[in-house]
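Written below as structure tokens is the structure these notes are about.
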Amino acid sequence: GRVRNYTFNVVTKNTTRLCSSKPIVTVNGMFPGPTLYAREDDTVLVKVTNRVKYNVTIHWHGVRQLRTGWADGPAYITQCPIQPGQSYVYNFTITGQRGTLLWHAHILWLRVTLHGAIVILPKRGVPYPFPKPHKEVVVVLGEWWKSDTEAVINQAIKSGLAPNVSDAHTINGHPGPISSCPSQGGFTLPVESGKTYMLRIINAALNEELFFKIAGHQLTIVEVDATYVKPFKTNTIVIAPGQTTNALVSADQSSGKYLVAASPFMDSPIAVDNMTATATLHYSGTLAATSTTLTKTPPQNATAVANNFINSLRSLNSKTYPAKVPLTVDHNLIFTVGLGINPCPSCKAGNGSRVVASMNNVTFVMPTTALLQAHFFNISGVFTSDFPGNPPNIFNYTGSPPSNLRTMSGTKVYKLRYNSTVQLVLQDTGIIAPENHPIHLHGFNFFAVGKGLGNYNPKVDQKNFNLIDPVERNTIGVPSGGWVALRFRADNPGVWFMHCHLEIHTTWGLKMAFLVDNGKGPNESLPPPPSDLPKC
Ligand code: C2O
């Protein structure tokens, strides 16, 4: 592969949306940020320079980072932040991946405007396993907040309560032609009749899973999270924050304008919002004045529509791209994911308590030294290795909540032997309310071998696992009031974050880290950090 150099200057840029302006944190002044292009096997060098008042890190979401854990990016997990005025060069090689991923800030809530696409093309001369599209278009879904998001989250932490929601969803940075500021227009996707286009769809929103739909056009799904899937047709996509989906669209109408729409999906009694982001698919030769064919996305709680999409996803599992599902299990883990309530004497609005979130009842506490540094240089007192492999409190997770909703706090990791195989069941709990949690694992792809409603029952459920062609991804929705079973091989030494990609849940503590290291051999442990790795 070749070497690709990128320069990311993190700068503040005054930006106008919804007919009003505010300064936002951007890369190179762009929102969404620049697309990073590479081919499989290429080495990517991104020099990130921080020219804003916040500490910054960038994460290459879904990039495997094989033996390059120092370049992964989550603040205080693999690195200390890049301080104002400082730079850090992220140096990694794309190995065994092709498709669409995303990069985003991985500190505070800065990723709301600090994000962009990663496009990984196959090696030169290697075709897609589907007909080559006429053109490819990146479609980044996001959010727009009129207020300062750092203030929003700080206020929520202080009060102990949930934060506000955004003021609009966006498609390629714009709320669109149907919004509270229609005069600002929106993203337009120009097409020619008879041609096929590939949309590289990314959900970069902070806190909401989204439905995505185009009036009058079906979508053929060919890839998710940079892994090929068995192609299937659908009218509606559901995509969680951190997930990516490549969809082919045939421009099979002769002319006209068609609405593109995205709106929240949330299988929970907790209402989010019903704001729809819009854009326009525009056939060449169609006059601007032509009226747009409209469409409606499903309502927020349309679980059946979401499940129909999710259950259709299968690994391509071809000769060239086999699904390498681990058939044996070394580490058999069950983690509960959910919310809880802890005392907070200073939380006036929350009546002396605060909402927290946990995995296996541990609310993760962010360290002040990066875990990977602490591990590599044997700095003691930063973390403990006693993250529980099974739920410490057994209760009917999807029945009525237990009387004690308290969680324990700690910076706990779970140790995995290098190259061992892991089965991880993520069980939603109905504490406060059942909710779908999109869980993201750094450093690995996993296979989603099973899923169900209610409580996971190993004796029964394991028999029904799909070990042939389960979908392979890096971010998976744990069904509301249900569970999902994952398998992966721990073939990447390092410290790897796992967390809910709803940013508010991460803030509340729905996160943990795996430590993979046998401490010997060139493959089994991590090389030393680059000399410019930021200091804490
Ligand atoms: Cu896309 Cu840890 O994040």
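For first residues located in region 74-98 and at positive phi, partners that are in a loop (DSSP other than H, G, I, E, B) and modelled with pLDDT of 95 or more and lie 6+ apart or on another chain with Cβ distances below 6 Å form the pairs Tyr76/Met366; Tyr76/Pro367; Tyr76/Ala370.
Looking at region 209-311, the strands (runs of 3 or more DSSP E) lying wholly inside it that each contain 2 or more residues that are within 22 Å of the chain's Cα centre (by Cα) and not hydrophobic (A, V, I, L, M, F, W, C) sit at 209-214, 219-224, 227-234, 244-250, 257-265.
Once region 485-529 is narrowed to residues that are among the polar types (S, T, N, Q) and within 14 Å of the ligand (Cβ to nearest atom), the residue that is farthest from His437 (Cα to Cα) is Thr507. When residues of region 297-315 are filtered for being at pLDDT 95 or above and either under 25 Å from Pro182 (Cα atoms) or acidic (Asp, Glu) (or both), how many remain? The qualifying residues number 2.
Of all residues being within 14 Å of the ligand (Cβ to nearest atom), among the hydrophobic types (A, V, I, L, M, F, W, C) and in a loop (DSSP other than H, G, I, E, B) in region 62-90, which is surrounded by the fewest Cβ atoms within 10 Å (Cβ to Cβ)? Just the residue, please. If we take residues in region 62-90 being within 14 Å of the ligand (Cβ to nearest atom), among the hydrophobic types (A, V, I, L, M, F, W, C) and in a loop (DSSP other than H, G, I, E, B), then Ile77 is surrounded by the fewest Cβ atoms within 10 Å (Cβ to Cβ).
To keep it simple, each residue is scored yes or no on (1) in contact with a His (Cβ under 7 Å, 6 or more places away or on another chain); (2) of a type in the set (Ser, Thr, Tyr); (3) not assigned by TED's automatic domain parsing to the domain that holds Gly443.
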| site | (1), (2), (3) |
| --- | --- |
| Ser87 | no, yes, yes |
| Phe92 | no, no, yes |
| Arg98 | no, no, yes |
| His104 | yes, no, yes |
| Trp109 | no, no, yes |
| His115 | yes, no, yes |
| Val137 | no, no, yes |
| Ser147 | no, yes, yes |
| Asn154 | no, no, yes |
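Reported count of residues in region 388-429, each being outside any loop (DSSP other than H, G, I, E, B) and among the basic types (Lys, Arg), is 2. Screening region 358-386 for residues that are part of a helix (DSSP H, G or I) and in contact (Cβ under 8 Å) with a residue 60 or more places away in the chain and picking the one that is farthest from Thr506 (Cα to Cα) gives Phe376.
Once region 463-484 is narrowed to residues that are in a strand (DSSP E or B) and over 17 Å from Val337 (Cα atoms), the residue that is nearest to the ligand (Cβ to nearest atom) is Arg473. Among the residues of region 49-61, those identified as within 16 Å of the ligand (Cβ to nearest atom) and either in a strand (DSSP E or B) or touching a Cys at 6+ places or on another chain (Cβ under 8 Å) (or both) are Val56, Ile58, His59, Trp60, His61.
The values are calculated or read from the model by the stated rules, or taken from the named source; none is laboratory data. All values derive from a computational prediction rather than experimental measurement. Virtual Cβ from ideal backbone geometry, glycine too; neighbours counted across all protein chains shown.
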